[in-house]
Amino acid sequence: MFEKILIANRGEIACRVIRTAHRLGIRCVAVYSDADANAMHVVMADEAYHIGAAPARESYLLADKIIEVAKKSGAQAVHPGYGFLSENADFAEKCAQAGIEFIGPPASAIRAMGSKAGAKEIMGPAGVPLVKSYHGADQAVATLQKAADEIGYPVLIKATAGGGGKGMRMVFNAGEFAENLSSCQREAKSSFGDERVLVEKYLTKPRHVEIQVFADKLGNAVYLFERDCSVQRRHQKVIEEAPAPQMKPEIRKAMGEAAVRAAKAVGYVGAGTCEFLYDEDGSFYFMEMNTRLQVEHPVTEMITGQDLVEWQLRVANGEPLPKKQDELRINGHAFEARIYAEDPDNDFLPSIGKLVHLRQPEPNANVRIDTGVREGDSVSMYYDPMIAKLIVWDESRERALARLRGALAEYEIVGLTHNIKFLHALGSHPEFIAGNVDTGFIKRHNDVLFPAAPELTAEELAIAALHLIAEQLRHAEQVAVHHADRHSPWNQVSGWRLNEDNHHALVFLESENGPEHKVIAQFRNDGFAVSVNGQTLSASVTALPDHLLAVTIDGKKQQVRVVQQGTQQQTQQGKQLTLIGHGWSRKLWLKSVDANADAAGGVPALTAPMPGTIIAVNVKKGDKVARGQALLVLEAMKMEHTIRAPAEGEIADVLYAQGDLVADGAELVRFARKE
Ligand code: ADP
């Protein structure tokens, strides 16, 4: 076995590979960018080398630099993880030339599967079913349009070099084809440097079912069953599970054997995944093969009891596959939920920032957490905004799902917007519980999965007020202890309680510029009388360590954690509080009592949702626009975001031009609503 390997990756997958390598007594070399100098994978590795600036192109994608580090550190093999260089045939080749084992398939297999079009060329003859498509070399608009017309709408235009859900456009009729084609080509060019596309039949209610395959260098190949990854947003997976709900054994076998044929057709070695569309009628079609370890591999590990990274290392070392097909069994059921720094209520826009507070469920035999960040770390704009993968196992799907909900309820994340609540809503949906999943699940159940945030309750407002009062009391006590003039009225602590009229008036905001709520807390002998929205509650509070408060409100006792961001000064506007109870959390803002409400209102500012580049400006000053009309297109994190008119009106000003770089929150267009 290798004595030392280099991990050409970061985040959770680098940490996950290091864990298995260490268990096998293999030493690990990490590489890191400027943004990751203190990252978890750097700390876990036995040694680590700086390879460049934060952007991946200047660090994790520098093949030569990484190989140089491998040589210098004496690493005998390189594990590429997923993403970055993992499916880069040139990198695999360069490793081989440098005498370093690439832990993955041979360059030829990566190349054969690297293009969705090329893969279809190979899979057809190998007897793997394909969906009706055009994947030819002729990329003339007329040819592609004709192909789409022949296949029949709806069709899907896909970047041949695509991945990660990018570079895909659904087209429902011939008239929309040309516009979607150019937008798809533009995204394909900017994300993959290759604007070629293919056109295929769009299945309206398929499931995404994929097969884990493994092959060794001795010609053996097996499948480790399926994963169902149907629940997707933006064509990207959100919750994965294994086995697939309601999968018939004969279809599992047929799919598994097709995947093994696919692997053998390209001389595959190592871990790979064949992705299929699984139609309502039981037919299935090959989509693509991913020539690496997948993000969702842990669910397969949980139901098979195998460590796939160990398999990868053994195979790369020239050993035979650890198990034969008839030795592999499915045991129980597993789910993986991807915990992302993103905003489900805002089209899943990535959120960046510091993990001010992070508490995760305690791992045990049923709950596994794969993460690459700790409290205090930042999620930056440079890489995938995944915080962690939560993986759960139990004997049945129902019990595993209950575990998933339970573990999600224990998560506490403050500092950036995250998808925990959304994941919990998914895992609680009756149709999901029933296993009725398909790729349109999230869209179809939009209303239930994205409920409008309810108004702040009187109880939540009272807790926020009690937290601030408790904090101020603590502060006053400290001052009194350290202050020479203990009798100054400014330093009175107990004095507040002597006077029944003494009260605190606080104004909270429901969102940064949302509706206001006034809370008045009056001191009583036994606690407080808190008036909120015309209601009076009796309350008491005790501050406990670790941001916890024990509160009793109208007889209900509970512990709530309150994490605050912003300054320590209570009067400071904009201080943000996050209340975290068991299975619920709520954000609110403190507005200083004296400040008057901003009466402006009306039209929301049209601002950049994140830093990016303006790639199209469709309007000019003075233009009359309809509600929903596309005004400008911003490219950020390799995705296009269209800024639309919020109402019918007129363009008062356009503040940026095509090609301009814009900062997060920059106002892009001034808009005047039609009176
Ligand atoms: P990527 O490589 O970007 O992940 P895939 O080809 O794997 O792209 O497709 C991603 C997802 O898009 C699939 O899981 C599925 O939900 C959807 N999809 C892809 N092809 C089709 C199709 N022909 N019909 C319906 N949905 C599709």
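His582 to Glu516: extension gain in nm, 0.36 nm per residue of separation minus the Cα-Cα distance? Please list the in-between numbers first.
On the way: separation 66, 0.36 × 66 = 23.76 nm, distance 2.56 nm.
Here the answer is 21.2 nm.
What is the spin-label model distance, in nm, from Glu410 to Ser396 if the labels are put 7 Å beyond Cα along the C-beta direction?
2.3 nm
Rounded to two decimals, what is the ratio between the C-alpha radius of gyration of the chain and 2.2 N^0.38 Å? Please list the in-between numbers first.
Working: Rg = 28.0 Å, N = 675, 2.2 N^0.38 = 26.2 Å.
So the Cα radius of gyration is 1.07 times the expected 2.2 N^0.38 Å.
Can you grab the distance from the C-alpha centre of segment 1-53 to the C-alpha centre of segment 140-168, Å, no decimals?
Taking the Cα centre of segment 140-168 as reference, the centre of segment 1-53 is 39 Å away.
Using only Cα atoms, tell me the angle between helix 177-192 and the longest principal axis of the chain; keep it within 0 to 90° and round to the nearest 10.
90 degrees
Between the helical axis of 397-410 and the dominant principal axis of the chain, each derived from Cα atoms, what acute angle in degrees is found, rounded to the nearest 10?
So the helix axis and the longest Cα principal axis differ by about 40 degrees.
With a 1.4 Å probe and every protein chain left in place, work out the accessible area per residue of the chain in Å², rounded to a whole number.
Counting only protein heavy atoms, the per-residue value for the chain is 43 Å².
Can you tell me which of 508-515, 331-338 comes out highest on packing, and rank the rest after it, using the mean Cβ neighbours within 10 Å?
Listed from highest to lowest mean packing, they are 331-338, 508-515.
Once amide H atoms are built 1.01 Å from N in the peptide plane, which residues 5 or more positions from Phe225, or in another chain, come under 5 Å H to H?
Here the answer is Gln212, since their amide H atoms fall under 5 Å of that of Phe225.
Using helices alone, what [θ] at 222 nm do you get for the chain, with -39,500 (n - 2.57) per DSSP H run of 4 or more residues, divided over all residues and rounded to the nearest 500?
-8000 deg cm²/dmol
Taking only Cα atoms, what is the 0 to 90° angle, nearest 10, from helix 63-73's long axis to the longest principal axis of the chain?
90 degrees
Going by a ≥ b ≥ c, the root eigenvalues of the Cα gyration tensor, does segment 359-465 fall in the rounded group (a/c under 1.5), the prolate group (a/b larger than b/c) or the oblate group?
Judged from the Cα gyration tensor, segment 359-465 comes out rounded (a/c under 1.5).
Any idea which of Ala75, His445, Ala616 is furthest toward the positive side of the dipole for the chain, if Lys and Arg beta-carbons carry +1 and Asp and Glu beta-carbons -1?
Ala75
Where the centre of each part is set by its Cα atoms, how far does segment 364-430 sit from segment 605-675, in angstrom?
Answer, in whole Å: 34.
For a label point 7 Å from the Cα of Ala626 along Cα→C-beta, name the residues of segment 644-664 whose backbone N is under 20 Å from it.
Counting backbone N atoms under 20 Å from the label point, the list is 644-652.
How large, in percent, is the carbon and sulfur part of the accessible surface of segment 207-449 at a probe radius of 1.4 Å?
Values: 4030 of 8530 Å².
Whole-percent figure for carbon plus sulfur exposure: 47.
Which one of Ala107, Ala409, Ala48 is farthest out on the positive end of the charge dipole of the chain, using unit charges on Cβ (Lys, Arg +1; Asp, Glu -1) and the Cα centre as origin?
Ala107
Take the Cα radius of gyration of segment 133-201 and divide it by 2.2 N^0.38 Å, with N its residue count; two decimals is plenty.
0.96
Based on Cα positions only, what radius of gyration and what Dmax would you give for segment 343-416, in angstroms?
For segment 343-416, the Cα radius of gyration and maximum Cα-Cα distance read 13.7, 39 Å.
Using alpha-carbon pairs under 8 Å, 6+ residues apart, how would you state the relative contact order of the chain in percent?
Normalised by residue count, the contact order of the chain is 8 percent.
Using a ≥ b ≥ c from the Cα gyration tensor of segment 27-103 (square roots of the eigenvalues), is it rounded, prolate or oblate, where a/c under 1.5 gives rounded and otherwise the larger of a/b and b/c decides, a/b for prolate?
oblate
Taking all protein chains in place and a 1.4 Å probe, what share, in percent, of the accessible surface of segment 78-205 do carbon and sulfur account for?
Details: 2730 of 5230 Å².
Taking all protein chains in place, segment 78-205 shows 52 percent carbon and sulfur surface.
Can you list residues whose amide H is under 5 Å from Leu416's amide H, if they're 5+ apart or on another chain and H is modeled 1.01 Å from N?
Val356
If you average the sequence gap of Cα pairs under 8 Å that are 6 or more apart and divide by the length of segment 1-102, what percent do you get for the contact order?
Details: 184 pairs, mean separation 30.9, N = 102.
The normalised contact order for segment 1-102 reaches 30 percent.
The values are calculated or read from the model by the stated rules, or taken from the named source; none is laboratory data. These numbers were taken from a predicted model, which means no experiment stands behind them. We place every Cβ from the backbone using ideal geometry, glycine too, and count neighbours over all the protein chains shown. The accessibility values were calculated without ligands, DNA or RNA, using every heavy atom of the protein model including side chains. Shrake-Rupley method; radii C 1.70, N 1.55, O 1.52, S 1.80 Å.
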